[in-house]
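Below is one structure, written out as structure tokens, with a few remarks after it.
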Amino acid sequence: MVKPVLHLIGCLALALPMLAAAGESRGEMAEVGDAERGALIYDSRCIGCHSLAANRIGPRHNDVFGREIGSLKDFDYSEALQKAGGTWDRAALDLWLADPEAYLPGQRMNFMVSEPQDRADLIAFLQQEAER
Amino acid sequence: MASIDTRTVPEIVPARRRFLQGAGKASLSATAVALLIGCETMASSASRQGASDPKKDVSILNVALGLEHEAINAYQLGAESGLLSQEVLPVAVLFQSHHKEHRDALMATIKTLGGAPVEEKAIGEYAKALGAGGLKTQGDVLTLAARLERGAANAYLGVIPAFADPALAKVSGRLAADETMHWALLASALGQPVPEKALSFGV
């Protein structure tokens, strides 16, 4: 009797952190973003393809927060972005960064930011840049 | 620098031509080998698995190709800037040759998968987008290169889960490793500290 109980406890001990991690990565939205940390994340993970002031592999980001989705006239968007409609607000950006393909199938970015806090920090940074 | 006319700019700096021609020959044969081995493997793997969405893989590979086009031009701008020392210039050119090999392998793979490779832009467009006109010292050039290499490494790591074909996901990991190697050497040359924590890439 003791062994099965210990086994169950062991399984739960292993499974709970995994479940918690899964819950962290999808479908949750951190409440507060830290723009300063978001700037560091941006410089590390986004700078490969994006800049604030210029279109590169991806579109410029200085005013992306609050911008209509797929609306820059001087950037060649995927059809998915061109037809998306809507605005890059906090909720849209969070869904997009969590899983771009799930949010807008046919997009080209495919880069996922799995941690809700990282997404919140990035969004806070982008909002700060847009409000400058 | 932003007004460079690519039709008249040689791919290499004249003063270093002899060295670079030698390097070019060496990288060409390496590229040919990489293409023959790497792309054949990638293509056969993709067709064998009947990858669930090759169009999506082509889309991801084309973003990667755009990134490689930019990296090649960024190093070209650095090489032509006159800011790099005799010791640093050959390393920059070597890194550029790695990116050219990446470009060639990506283009071949995209074509094999039935896609159309994204085209390179004029070097002046890269110069403008990267703010090359603001580069005043060797440190500025290396700092820009290090930022781009780290960003590229993270980009390649970040798209790994999106590939339909696991063989292409592995290639993305290998590309990330090259970019990380570049970043590590650039960061060392700049005197930047080694990251205190492990798993600092690809979060």
Q) Can you pull out the residues in segment B:145-158 that are among the hydrophobic types (A, V, I, L, M, F, W, C) and open to solvent by 30 Å² or more (accessible area, probe 1.4 Å)? A) B:Leu157
Q.
If B:Pro161 satisfies all but one of (1) within 13 Å of chain A (Cβ to nearest Cβ); (2) buried (at least 21 other Cβ atoms within 10 Å of the Cβ); (3) more than 14 Å from B:Ala71 (Cβ to Cβ), what's the number of the condition it fails?
A. (2)
(Q) Out of the residues in segment B:125-158 meeting the condition of being among the polar types (S, T, N, Q) and more than 10 Å from chain A (Cβ to nearest Cβ), tell me which one is nearest to B:Gly66 (Cα to Cα). (A) B:Thr143
Q | Residues being assigned to a loop (DSSP other than H, G, I, E, B) and under 21 Å from A:Ser71 (Cβ atoms) - total across segment A:88-109 | A | 8
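The values are calculated or read from the model by the stated rules, or taken from the named source; none is laboratory data. Computed from a predicted model, the values in this text were never measured in an experiment. All Cβ positions, even for glycine, are placed from backbone atoms using ideal geometry, and neighbour counts span all protein chains on display. For the accessible areas, the whole protein counts, side chains as well, though only heavy atoms, and no ligand, DNA or RNA atoms are used. Shrake-Rupley method; radii C 1.70, N 1.55, O 1.52, S 1.80 Å.
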